[in-house]
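Heads up, the thing below is written out as C-alpha cells.
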Amino acid sequence: MSSLATRANPLISSVPHFLTWRGLGFRTICSGRLGFITSDSDHQPAAGSKVLEVFKEEFEIGSRLVSLETGKIARFANGSVVLGIGETNVLSTVTASRGDGARDFLPLTVDYQEKQFAQGLIPNTYMRREGAPKERELLCGRLIDRPIRPLFPAGFYHEVQVMASVLSSDGVYDPDVMAANATSAALMLSDIPWGGPIGMIRIGRVCGKFIVNPTMDELSLSDLNLVYACTKDKTLMVDVQAHEISEKDLEAGLRLAHPEAVKYLEPQVRLAAKAGKVKKDYKLSMVTDRTLDKVRNLAEADIQAVFTDSSYGKFERGEALDNITHEVKRTLEEEGDEESLKVLPKAIDTVRKQVICKRIIAEGFRVDGRHLDEVRPLYCEAGNFPALHGSSLFSRGDTQVLCTVTLGAPGDAQRLQSLVGPATKRFMVHYSFPPFSINEVGKRVGLNRREVGHGTLAEKALLAVLPPEDDFPYTVRVNSEVMASDGSTSMATVCGGSMALMDAGIPLREHVAAVSVGLVSEVDPSTGTIKDYRILTDILGLEDHSGDMDFKIAGTRKGVTAIQLDIKPAGIPLDIICECLEPALIGRLQILNHMEREINAPRIQDVRYAPQLATLKYNNEMIRRLIGPLGSLKRKIEEQTGARISVGDGTLTIIAKNQAVMEKVQEKIDYIIGREIVVGGVYKGTISSIKEYGAFVEFNGGQQGLLHISELSHEPVSKVSDVVTLGQQLSLMCIGQDMRGNIKLSLKAILPRPVSETSNVARDSIPVIEEMPAIVANKQEMQKPTVVELEVSRSVIKPSTSSSAAIVIRSAAECDEEEKSAGLSQGNKSTPKTSQASKRVSKQKINSPENDDRDSKVPSSSLASHTFKGTCLSPAVHLRTAVQYDEEEISSGSSEVSKNALKGLQSSKRDRKRKTSPPKKDDSELVNSFMGILTHVAGQNDGEDSGSLPQGSKSISKTLRASKRVCKRKGNLPQNDDPNSVPTLTPSSPAVQFRSAMLCDKEEAPDCLRHDSESISETSMKQDCVSAKNLKLGTKVTAKVYQIRALGLVLDLGGGVRGMYRFEGNGKREFEVGDKLRVKCASFSSKGIPVMSLVDDE
C-alpha cells in the first residue's frame, strides 16, 4: 500500500525505497494477474491496481525450511495463516462469535479438511465432491483441539471455530502437525484472548536414531511416531504410536521433542508483532469470590461426607451430590441471591474439585477408598460367545466393555482417501459409547469425535503386536461396546480387544494392557506454579473430571505401544509427565497378569466353525473369467455362498465363514476356472457328449476329457448311455494322457471294487500243500517195462492268495499228436512259453526206488481217499497246467489264451533258473495239488454236492471235471462209475507215468529247438514292452484284440497303447476279443495312432 499512501500523504514519499513493500519484493495482484513487483524503482502500478500487504516468517526445523505467511489469503478471517514446508501448504483460519457467552463451557470447534484438489485428483464419489468428514479429518481436528483448548482463559465461553484446510500436498510431509502450528499462529494474529503460542513437533526413530520432523517415507520405517505439543516450559499434549518402546527411550524422545517444538514459538511471536490484532475484551463468565465462599460454606461439609464414604457407588454418589445441590439452591432462593443462582452449578463443581483434591493430597485416599497406585478389581472372560470369531468381556471396577473380533478377506480392508499414508487399513478398532452405559437417554447419530478418537487409540495400541500381513492376511475388525462406564473405557477397550484377538486365534506376540494415570495438583494462585501433586493410577470418571490430567498409556511387558495425554490446566511440566511412566508400568503389569490367567495364547479354533482364508494363484485370463462381465459372476458366487472374494494381480483370496462355505466356494471356482490337473486327482465334471467308445466330459474350467467305455465300471459295459447320461455331473479321476495329450478320465477308479464270486475264486483257488509229495520214478525205470508206483502223502488244501493255474491231465501220446499236427512253426510259438516251465522241472533230480510188486496207496485227504495202481504196460501220462494246455490249443487255433495263462507263462521263465536238486516246492505242490484234488473228481462226476468243497477248490474241480471228460473222449482214462471204487489200471493197459508237461517238453524237444525257442521267448518279451515313445515303424509286438469294428480291429499293444488293424480287402477273418496276434507297426494315422499289420514269424 505504499503507492496509495504516497499519493494520499506526500510526506511519506521521503521513505527510503528499501523499506517499501515493493522493495521487499512481496507478491501482488496487478490487473487481476499474479506477479512479482519488479526491483525497478521507477515502475509504478497501473491505476486501479491493488497491492496486498503480505507478512512472512521463515525458519528451519529439523533441517527443513518452514514458512509462515499471512495477509494474502482469507483476509476477512479473524486470523489466517498459511504454513508451508516444501510443496505442502496448509491454511488455518480462526473466528469467534459476538454473543454474550452465557454458558458454562467453551464451545470450541475445530474442523480439518483434506480435499482431493490438493493432490490433483477429482473425488470418485457419485457427486464428485467431498462429503461428510472422514475419520482422519476428525482425528486431525482432535489433534489440533487438544493442545489449544487449555490456553483459553477461564470463563471464556464464546463460540470459537477453527478451520484448517490443505491447499496443496506433495505427499512428503503429514499436514496434521502443520495445521496445528498454523492454527496457533492464526490465534496469535486474531483478537481472541488466548494464552499461546504453542509448538507441535513430530519425532520418529529409525534404526535407533531419532528423526525430527520425519517424512512419510521415514515414518513408514520408524518404530516411533511421537507428536508433542508444548508451550515454552510446559507440556500440553502427547500422542504416541510405537512398537514396544521402552519407558527410558520414550522419555528420551519426549525430552528431545520439547526444544524442537519450542522453535515454532518465536516466529509466531514475530509474525504477530508485525500483523497481529489487538486482543479484544470479551465478557468472561467468572464465579466471584463472594459466591464461591457462600456456596462453600453451605455445601463443603456435606460434599466431604459423601466423598469420604467409600460405600457409595457411582450413581448413589451422584444422587447424594444432586441432593446437596438442591439444598443449596433452595437456600439461595430463600435469600434471593440471583447472582449466585446463575453460577450455582459452576460453584458447586468447583467446591467438589477442591474437596477431592485436598483429601487426596492430604490423606492419600481416593474417592472409592483405594490407594493412589491401586488398580480397581478386575474381571476377564474370553470366548463367551462361541458363535463369533472372537469375543471377550473385560471389567475394571464398574467399567465394563464387550469386545468382539470379526475376520474378513483382504478386500474388506478400509479404504482411506487421505492425502498421505496407506490407501487401505486392514486392522480396525471401532469404539461405541451408547447412552445406556451411563444410564442416560440419547440418540445415536453419525461419527462421534470422541468415539473415533478412543477407537483409534486402542487401534494404535494393538497394532504393534499383530502378525505381519504376509503371515496373516486377514482383515480384522475389533468392535468395542461399552456396557458400563466409570472411567477409562478406552483403556478397557485395549485390554478386552487383546483378549478377543487371542480368542479368535490370531497369533499375537503377547497381550497388550492399558491403564489411565491421573494427576491431582495444588497450584499457587499468584504464580500459577504447582506446589504439590499426586499421581493416581487407574482413575475413576469423577477423578478424571476433577483432576488435571488424563494420561492414557498402553503397552506390553516389553514396552509402550500407544500414549494419549490430555490436560486441563495451561500446561504441566515435562518432569511430571515422565514421572507418570513408572506407576503406569506397575499398573499395566498387574492387569497383564490377570489377563494371562484367563487366556495366555491364541486359541485353537474348531475347523468346522473357524473362519477360513485361502489364497489361490491364477493367471489374469482365468481371473477375468471368474469375475465375469462387470463382476457379475463374482458377485453371484458371493451371494450364493456368503463368502468374500478379493481379486489381486494374479491372486485370488477367499474368506469364508467356516470350512463348509470354503469348500463350496472352491468347488464353484474350480468349476469355472479349473485347477492344475494331476494324475490321480479327482475332479467334478459334466458329460458333454456321448459316443460309442465313451463319453466326453467338460471339467476343470472348460477342459475336455475322455471317459472311455472301459473306465465306466468294474463290470463290462455294452452301452455307454446305460451308465451315464448327457449333462450328468460326475466325480472322475485323471488317470493320464494319451499320445496326443488328451486327458483320460476314469469313473471306476473312484468306485469301490465289487467283491464278486469270480474274484473270490481267483483269490482262493490256489491250494497250499503242507507236505511235499514223494514221487518214486526216474527216467531209466520209465523206459523199462516195469511197474512204477507213486507214493503221495496226505496233503491239506487251504485257500491261498497266491496265483497259480489249474492242472489239466493229458497223456504223452495226446501231447505228441497235437504238437505234430500243429506243425513246427506253430510249435515254436508255444515252445518258448511251455519249455520255460519244462526246463524248470527237467533240472530237478527225480529219485524213484523200485517197487514192482507193491501197490501204492494214496492216503485219504480232507475230501476223499483213493489208491492208484498201474502196470508196466501203462502209457506215460503228463501232468500239465491249464495255462500250458490253453497255450497249445491257441497254437492249433482251438481256444483263446486267458489272462491267468499269461501270468503262468511269465512265472515259468523265472522258475527256469532254479536248481534241479533237491526237488523244489513248486513242482511238488503242482503234483500234490493234482493228487489231492483228483480224488474228488470221481465224486464230482457222479453228482456229489460241490458245496462241501472249499471255495478255492470249486474252480479247480470244475477244471478237472472238464479235463476228465476230454480224457474219457480220448479213451485214455478208464471208465468207472462206482464212486467208492479205487481207480486201477489193468495189466493189459500201458504203464501209467505221472510227469509234468514241462518235463516232457524238456525231454522231447531237441536242444537246438529249445535254444531257438528260448531266444524267441526273450525277444518277444522285450518287444512286448511297448510304450508311446519306443514304438517305431517295423516294431514287432504281440497284441491282443481289444475291440472288433466293422472295418478292422482295435489292438491292445501293451503299456496302455492302442493300435488299429484294417481288414485286408474282403478277406475278413474271424476274430474274438482277447485273441493274441503277432503284428508289426506299418504306419501311423494322421492322428498319431499306430497302424499294425499281421506278421507270420517263421
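Look at the range 477-498: where a residue is farther than 19 Å from residue 517 by Cβ and a partner is open to solvent by 10 Å² or more (accessible area, probe 1.4 Å) and among the polar types (S, T, N, Q), sitting 6+ places away or on another chain with Cβ atoms under 6 Å, you get 477/406; 479/404; 481/432; 483/400; 484/400.
Hey, among 55, 59, which residue is open to solvent by less than 40 Å² (accessible area, probe 1.4 Å), hydrophobic (A, V, I, L, M, F, W, C), touching a Lys or Arg at 6+ places or on another chain (Cβ under 6 Å) and modelled with pLDDT under 95? Break it down into steps so the answer makes sense when it comes.
Working: 59 fails: touching a Lys or Arg at 6+ places or on another chain (Cβ under 6 Å).
Checking each option against the conditions leaves just 55.
The number of residues in the range 622-652 that are open to solvent by less than 100 Å² (accessible area, probe 1.4 Å) and either without any contact (Cβ under 8 Å) to a residue 12 or more places away in the chain or not hydroxyl-bearing (Ser, Thr, Tyr) (or both) comes to 20. With respect to the conditions (1) crowded, with 19+ Cβ neighbours inside 10 Å; (2) touching a His at 6+ places or on another chain (Cβ under 7 Å), residue 596 lacks only one, and its number is (1). For the range 657-709, give me the residue count where each residue is under 16 Å from residue 725 (Cα atoms) and open to solvent by 70 Å² or more (accessible area, probe 1.4 Å). Number satisfying all stated conditions: 5. Checked against (1) out of contact with any strand residue (DSSP E or B) (no Cβ under 6 Å at 6 or more places or on another chain); (2) open to solvent by less than 10 Å² (accessible area, probe 1.4 Å), residue 456 meets all criteria but (2).
Considering each residue of the range 377-407, count those that are part of a loop (DSSP other than H, G, I, E, B) and crowded, with 20+ Cβ neighbours inside 10 Å, and give that number. Show your work before the answer.
As a first pass, look at the range 377-407 and keep what is part of a loop (DSSP other than H, G, I, E, B): 377, 383-389, 397-398.
Filter once more, so that each one left must be crowded, with 20+ Cβ neighbours inside 10 Å: 389, 397.
Qualifying residue count, the range 377-407: 2.
Filtering the range 228-239 to residues that are buried (at least 23 other Cβ atoms within 10 Å of the Cβ) and not small (Gly, Ala, Ser) leaves 228, 230, 235, 236, 237, 238, 239. The set of residues in the range 426-437 that are open to solvent by 40 Å² or more (accessible area, probe 1.4 Å) and not in a loop (DSSP other than H, G, I, E, B) comprises 430, 436. Residue count for the range 271-323, restricted to those that are open to solvent by 50 Å² or more (accessible area, probe 1.4 Å) and either under 59 Å from the mean Cα position of the chain (by Cα) or hydrophobic (A, V, I, L, M, F, W, C) (or both): 17. Tell me yes or no: at least one residue of the range 41-52 is open to solvent by less than 60 Å² (accessible area, probe 1.4 Å) and either at pLDDT 90 or above or closer than 19 Å to residue 194 by Cβ (or both). Scanning the range 41-52, I find no residue that is open to solvent by less than 60 Å² (accessible area, probe 1.4 Å) and either at pLDDT 90 or above or closer than 19 Å to residue 194 by Cβ (or both), so the answer is no.
Report whether or not residue 363 is surrounded by fewer than 18 Cβ atoms within 10 Å (Cβ to Cβ), touching a strand residue (DSSP E or B) at 6+ places or on another chain (Cβ under 6 Å) and among the acidic types (Asp, Glu). Give the derivation first.
Numbers: surrounded by fewer than 18 Cβ atoms within 10 Å (Cβ to Cβ): yes; touching a strand residue (DSSP E or B) at 6+ places or on another chain (Cβ under 6 Å): no; among the acidic types (Asp, Glu): yes.
Criteria not met by residue 363.
Would you say residue 447 is open to solvent by 50 Å² or more (accessible area, probe 1.4 Å) and under 21 Å from residue 477 (Cβ atoms)?
Against the criterion (open to solvent by 50 Å² or more (accessible area, probe 1.4 Å) and under 21 Å from residue 477 (Cβ atoms)), residue 447 qualifies.
Provide a single number: the residues in the range 192-210 that are open to solvent by 10 Å² or more (accessible area, probe 1.4 Å) and either in contact with a Leu (Cβ under 6 Å, 6 or more places away or on another chain) or over 21 Å from residue 146 (Cα atoms) (or both). Working first, answer last.
From the range 192-210, those open to solvent by 10 Å² or more (accessible area, probe 1.4 Å) are 193-197, 202, 205-210; that's our starting set.
From what is left, the residues that are either in contact with a Leu (Cβ under 6 Å, 6 or more places away or on another chain) or over 21 Å from residue 146 (Cα atoms) (or both) are 194-197, 205-210.
Within the range 192-210, residues that are open to solvent by 10 Å² or more (accessible area, probe 1.4 Å) and either in contact with a Leu (Cβ under 6 Å, 6 or more places away or on another chain) or over 21 Å from residue 146 (Cα atoms) (or both) number 10.
Quick check, is residue 250 of a type in the set (A, V, I, L, M, F, W, C), surrounded by fewer than 20 Cβ atoms within 10 Å (Cβ to Cβ) and farther than 18 Å from residue 187 by Cβ? So residue 250 does not fit the description; no.
Residue 416 - would you say it is more than 30 Å from residue 536 (Cα to Cα), touching a strand residue (DSSP E or B) at 6+ places or on another chain (Cβ under 9 Å), of a type outside the set (Ser, Thr, Tyr) and open to solvent by 20 Å² or more (accessible area, probe 1.4 Å)? Against the criterion (more than 30 Å from residue 536 (Cα to Cα), touching a strand residue (DSSP E or B) at 6+ places or on another chain (Cβ under 9 Å), of a type outside the set (Ser, Thr, Tyr) and open to solvent by 20 Å² or more (accessible area, probe 1.4 Å)), residue 416 qualifies.
Only one of 76, 117 is free of Cβ contacts under 8 Å to residues at least 12 places away in the same chain, in the same structural domain as residue 186 (by the TED database) and outside any loop (DSSP other than H, G, I, E, B); which? Give the steps one after another, and end with the answer.
On the way: 76 fails: outside any loop (DSSP other than H, G, I, E, B).
When all the criteria are applied, what remains is 117.
Number of residues in the range 673-705 that are of a type outside the set (Val, Ile, Thr), under 29 Å from the mean Cα position of the chain (by Cα) and assigned to a loop (DSSP other than H, G, I, E, B) equals 8.
Farther than 22 Å from residue 71 by Cβ, crowded, with 23+ Cβ neighbours inside 10 Å and not polar (S, T, N, Q), is that true of residue 219?
no
Could you please let me know if residue 333 is more than 60 Å from the chain's Cα centre (by Cα) and either under 30 Å from residue 510 (Cα atoms) or charged (D, E, K, R) (or both)? Yes, satisfied. All of 583, 602 fail the test of being modelled with pLDDT of 90 or more, in contact with a Ser or Thr (Cβ under 8 Å, 6 or more places away or on another chain) and open to solvent by 20 Å² or more (accessible area, probe 1.4 Å), apart from 583.
The values are calculated or read from the model by the stated rules, or taken from the named source; none is laboratory data. Because the structure is a prediction, the values reported are computed rather than measured. Positions of Cβ are backbone-derived with ideal geometry, glycine not excepted, and every protein chain shown enters the neighbour counts. Surface accessibility is based on the protein's heavy atoms, side chains included, excluding ligands, DNA and RNA. Shrake-Rupley method; radii C 1.70, N 1.55, O 1.52, S 1.80 Å.
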